[in-house]
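The structure appears right after this line, and notes come after that.
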């Protein structure tokens, strides 16, 4: 396939996938390919798939058809979680030329170069997931303000509803020293915020006799980065040491995202989660005691097998009474080869979706209340970019504790951190305010 010299990527799923897509793109650029947009009729399309989306198979087929409509002669490669789970099925999709498993995707350039021309039949190259042991550091490089840095991959938890261990393998990571070197490389590019991401971020370092807290201490010393943010951490791994460190840290933001999945201990046990609601409540209380202004986000799944109306109401009540600030709500969908898919007491899909709707309404109320509690306070905002639908220039950014702020565009402020006094919530649900000129070392209101 040596004549092909342009490539376009499309990524489905989580921030981890986006960070890996950037790494794959850099590897192809080093091999001589020019990265272009999907609409520019590239010679090669690469689809990075997700297994968590409700309709993974339909999404995969839809994008393959779209690629073919743009350039019928293009070479189409499919990678990612769904590619590891269903490689042969994907290879049989008309138009797909190459499918690579979890280990093989990081050799994408070599695999594409090893194929002569567009194939009449798709080729799947993959191995057993238990053999996937190497960790490949990844970070996205198309945003000069914020970068997602993969610090951990895989998972050893095997929750009853989840395919991630089957798609990504066992938990693994680089060393602290190697990860810090990646952070320094990102800092040299001018990025101001790094978000640490992984499948089970709190499990970092175990195979090297290191841990996440050690990594946080080391990253806090990296020059050039204004902020570090932990994307998600399991409540059983979010121990006092991590909470206390963030409270005193130079760069780590007061923002925690902790998966809960259910407010019913019965359902948590069926899910094979490694905590109960008492532990979760204790973690939330500890965070808010140390940092009352902290934003806490929660993952919740509705409609898992066995979730009766009573169990759902227990979750709803639990969340209403919990000092958290927004929810990421997912509707349960069956996944092949998981324990949950074999359970008989399934919840009808219309009931699942109605429960999801109710929790999203609750999340909107939580987020609004969190914003309103901050009116009149001053917090530092890292400004990015943005433009509203009418064409009037705006810039957007987030406070350290994850309040979304929008102000009239000022090029001098993009990719800078400035104090803003938060004044009101606009019709788009963004907070607006006034840039506050205060002495550099003056404390911010909390």
Exercise for review: Express the relative contact order of the chain as a whole percentage, based on alpha carbon pairs under 8 Å and six or more residues apart in sequence.
Suggested key: 9
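Rounded, prolate or oblate: which one fits the range 378-435, using the alpha carbon gyration tensor with axes a ≥ b ≥ c (rounded when a/c is under 1.5, else prolate when a/b beats b/c, else oblate)?
oblate
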Review point. Which of rounded, prolate, oblate describes the range 6-127, given a ≥ b ≥ c as roots of the alpha-carbon gyration tensor eigenvalues and a/c under 1.5 marking rounded, otherwise prolate only if a/b is larger than b/c?
Key: rounded
Check your understanding: Can you give the calculated 222 nm mean residue ellipticity of the chain, where each DSSP H run of n ≥ 4 adds -39,500 (n - 2.57) and the sum is split over every residue, rounded to the nearest 500 deg cm²/dmol?
Key -> -9500 deg cm²/dmol
Check your understanding: Given labels modelled 7 Å from the Cα in the Cβ direction, how far is it in nm from residue 424 to residue 360?
Key -> 2.9
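What is the percent of Cα-Cα separations in the range 77-230 that go past 18 Å?
So the pairs more than 18 Å apart make up 62 percent of the total in the range 77-230.
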Check your understanding: Given the alpha-carbon gyration tensor of the range 138-372, what are the semi-axes of its equivalent ellipsoid in whole angstrom, ordered largest first, with each equal to the square root of 5 times an eigenvalue?
Key -> 31, 21, 16
**Study point:** Candidates 31, 141, 340: whichever shows maximal mean-square fluctuation once the chain is modelled as a Gaussian network with Cα springs under 10 Å
**Key:** 31
Point to revise | Mean Cβ neighbour count within 10 Å, used as a protection proxy, ranking 245-257, 325-337 highest first | key: 245-257, 325-337
Study note, to complete from the structure: With R₀ set to 35 angstrom, the calculated FRET efficiency between the beta-carbons of residue 248 and residue 133, to the nearest 0.05, is 0.45
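No lab work stands behind these numbers, since they all come straight from the coordinates. Only a predicted model underlies this, so the values are computations on that prediction, with no experimental measurement involved. Cβ coordinates were reconstructed from backbone atoms using ideal geometry, including for glycine residues, and neighbour counts include every protein chain displayed.
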